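To keep things clear, I will list the structure first and then write my remarks on it.
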Amino acid sequence: MIDNVIQEQQQAVQTPPPAEGNNYKLFQQEAATLTRTLITGYQEAFQLIYLDPPYNTKRARGSRKHYRDRSAHWSEQLHEVVSNTYKLLRRQGFLVLSINQMELFNLKHICDTVFGSECFIGLFPVKIRHSERQLMINATYHDVYEYLLFYRKDKQTRFYTEQKHPRLEKFDHRIETLTDQPERRTIQGKEVEIYHPGQYKIHREEPAVHNLRRYIIAGKLATANWSGEFFESYLRPLGDNLLVRVPGLENEGLGYRWFQTQTAKRSSGVYFQSTLTAGRPVLPTNDLDFTEIVPNVYKEGGEGIDFKDSKKPEQLLEYILSITTRENDLVGDFYGGSGTTLARCIKMKRSCITSDNGAEAIGIITRRLANLREGKDIDGISYDFTLES
Ligand SMILES: C[S@@+](CC[C@H](N)C(=O)[O-])C[C@H]1O[C@@H](n2cnc3c(N)ncnc32)[C@H](O)[C@@H]1O
């Protein structure tokens with residue numbers, strides 16, 4: 001009895017709330033045909049379209065037994081799908097493609113033609129095999145990489161990034177002004193306030209979010225930094241020992257920046273930064289090593305979801321989704337295979353339309369969804385979602 005209660009409690013904790021407002025759709029359809037149809041109704045609706053088409057390897061092992069990985073019309077078919085994809089993407093949307101080197105350059109050319117080469121973001125090699133585990137001894141060399149191609153519809157669009165938090169221990173200065181009648185001057189179109197000695201105090205305190213970090217304007221800060229240049233050109237000549245408040249300089253979150261001019265003891269000026277803009281974005285990297293994950297990828301999705309040699313690790317999709325989408329965005333994957341993208345979208349609360357032209361793949365995706373609902377995926381969590389068709 002007690003065991004049952006504990007199990008029920010664990011179950012309750014293990015079940016995340018339903019992905020509210022998210023829609024999931026699964027179609028058995030050919031990619032070019034479906035994407036053409038979707039243009040009516042979904043034009044400019046997708047934030048991310050991920051395509052993992054057959055690589056045209058001419059091989060027929062593993063999951064490739066279930067679909068034909070050989071086509072004389074590969075480029076034409078992909079050209080149509082990529083063109084439709086362009087129309088389906090929002091202006092700030094991304095196209096991401098998985099490919100190996102057989103058709104990499106072909107695919108890059110197709111995408112450059114449709115999106116424009118200026119919208120190519122980059123090539124992300126994905127290491128999927130260990131260098132030393134060589135199984136194909138008849139090959140000329142051991143290929144350990146696949147690739148991701150990243151495109152954006154608008155060349156200004158950036159990846160979503162995490163902010164690296166500022167090191168708080170450096171934010172230990174507080175400025176106190178003792179007059180509300182500072183000298184006012186217009187310098188370079190900016191209404192600057194100048195506090196003379198005796199009209200201000202600079203306190204050194206315990207580090208805190210509301211305090212400021214002090215920078216000495218020397219070296220590169222004096223020559224290759226807007227604040228540094230502004231100080232050297234316009235504030236240094238004002239004289240020693242002044243506190244100066246300059247509005248609208250750089251993107252300082254306060255809306256202004258404090259400077260203190262040089263003193264008899266210190267020939268450099270200083271400026272102060274708030275914590276508001278002190279964090280730096282952590283850029284995504286294209287150094288992707290999945291060699292430890294790929295050998296266990298057959299377990300993902302639970303029992304019956306093996307899709308040998310074609311199934312992508314969920315962590316790869318998690319990475320792509322995290323830098324290109326936010327919760328509730330719409331994602332498309334028209335070569336669904338074993339449903340990796342759909343599964344990850346459910347887990348990360350993105351809406352998703354996925355499809356595959358093969359009955360085998362649709363059967364596997366349906367099983368994967370049942371596993372997800374019943375908590376039979378490898379994470380043991382049961383997910384609540386609605387699948388429309
Ligand atoms: C490389 S697999 C995708 C694997 C998938 N990303 C995963 O993680 O399981 C390619 C899939 O595309 C499907 N396919 C092949 N040609 C297609 C077409 N013209 N239209 C739609 N699906 C197609 C195949 O049935 C296969 O399931």
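Since every read-out is calculated from the coordinates, none of them should be taken as a lab result. This is a predicted model, so every value here is computed, not measured. A quick note on method: Cβ atoms are made from the backbone with ideal geometry, for glycine too, and the neighbour counts reach across all protein chains shown.
Quick notes on this one:
- Cα→Cβ-extended label distance, 7 Å offset, between T37 and S75, nm: 2.9
- Sequence-ordered 3J(HN,Hα) estimates for segment 378-389 from the Karplus curve with 6.51, -1.76 and 1.60 and θ = phi - 60° stand at 5, 7, x, 8, 9, 10, 10, 7, 10, 9, 9, 9 Hz, glycine and proline given as x.
- Under 5 Å, built H, 5+ apart or other chain: amide partners of H173: E205, L212
- For segment 170-199, backbone nitrogen atoms closer than 19 Å to the point 7 Å from H210 Cα along Cα-to-C-beta are found at 170-179.
- Per-residue ellipticity at 222 nm, computed for the chain from helices alone with -39500 (n - 2.57) per DSSP H run of at least four residues, works out to -7500 deg cm²/dmol.
- Once both labels are positioned 7 Å from their Cα atoms along Cα-to-Cβ, the gap between R184 and Q156 label points is 3.4 nm.
- The chain - share of DSSP beta bridges that are antiparallel (%, nearest 5): 70
- At R0 = 56 Å, FRET efficiency that the Cβ-Cβ distance of A139 and N251 yields, to 0.05: 0.60
- Measuring against 20 Å, Cα to Cα, the residue pairs K155/K220; K108/K299; K108/K155 contain K155/K220; K108/K299 as the ones spanning a longer distance.
- Protection proxy ranking of 363-373, 298-308, 203-213, 132-142, by the mean of other Cβ atoms within 10 Å over each peptide's residues and highest first, is 363-373, 298-308, 203-213, 132-142.
- Altogether, the Stokes-Einstein calculation at 37 °C and 0.692 mPa s, with the Kirkwood radius of segment 165-279 over Cα pairs as Rh, returns a diffusion coefficient of 229 µm²/s.
- Working ranking of peptides 334-346, 35-47, 312-324 by packing, defined as the average number of other Cβ atoms within 10 Å per residue, highest first, is 334-346, 312-324, 35-47.
- Listed residues S355, S98, S117, most fluctuating in the chain (Gaussian network, C-alpha, under 10 Å): S117
- Multiplying the residue separation of N296 and L387 by 0.36 nm and subtracting their alpha-carbon distance yields 30.0 nm.
- Distance histogram in 5 Å bins (all Cα pairs of segment 22-149, percent per bin): 2, 9, 17, 21, 19, 14, 9, 5, 2, 1, 0
- Cα gyration tensor shape for segment 189-256, rounded if a/c is under 1.5, else prolate or oblate: rounded
- Cα gyration tensor category, rounded, prolate or oblate, for the chain with a/c compared to 1.5: prolate
- Karplus (6.51, -1.76, 1.60) ³J(HN,Hα), θ = phi - 60°, over segment 319-331, in Hz, Gly and Pro reported as x: 4, 4, 5, 5, 9, 10, 9, 10, 3, 6, 5, 9, 10
- From most to least packed by mean Cβ count within 10 Å, the peptides 178-191, 241-254 give 241-254, 178-191.
- Cα long-axis angle, helix 31-42 against the chain (0 to 90 degrees, to the nearest 10): 50
- Figure legend: label point modelled 7 angstrom from the Cα of T263 along Cα→Cβ; residues of segment 220-255 with amide N under 11 Å from it are 241-242.
- Directionally averaged shadow of segment 160-226, computed from the convex hull of its alpha-carbon atoms, nm²: 7.4
- Whole-Hz couplings from phi, Karplus 6.51/-1.76/1.60, listed for segment 99-115; x for Gly and Pro: 7, 10, 6, 4, 10, 4, 6, 4, 5, 4, 5, 4, 5, 4, 5, 7, 8
- Amide H contacts of I217 (H built 1.01 Å from N, under 5 Å, at least 5 apart or other chain): G269, V270, Y271
- Close amide H contacts of N23 (hydrogens built in the peptide plane, cut-off under 5 Å, sequence separation of 5 or more or a different chain): S351, C352.
- Between A370 and R167, the contour length at 0.36 nm per residue exceeds the Cα-Cα span by 68.5 nm.
- Modelled FRET efficiency - R0 30 Å, W226 with D112, Cβ distances, 0.05 increments: 0.25
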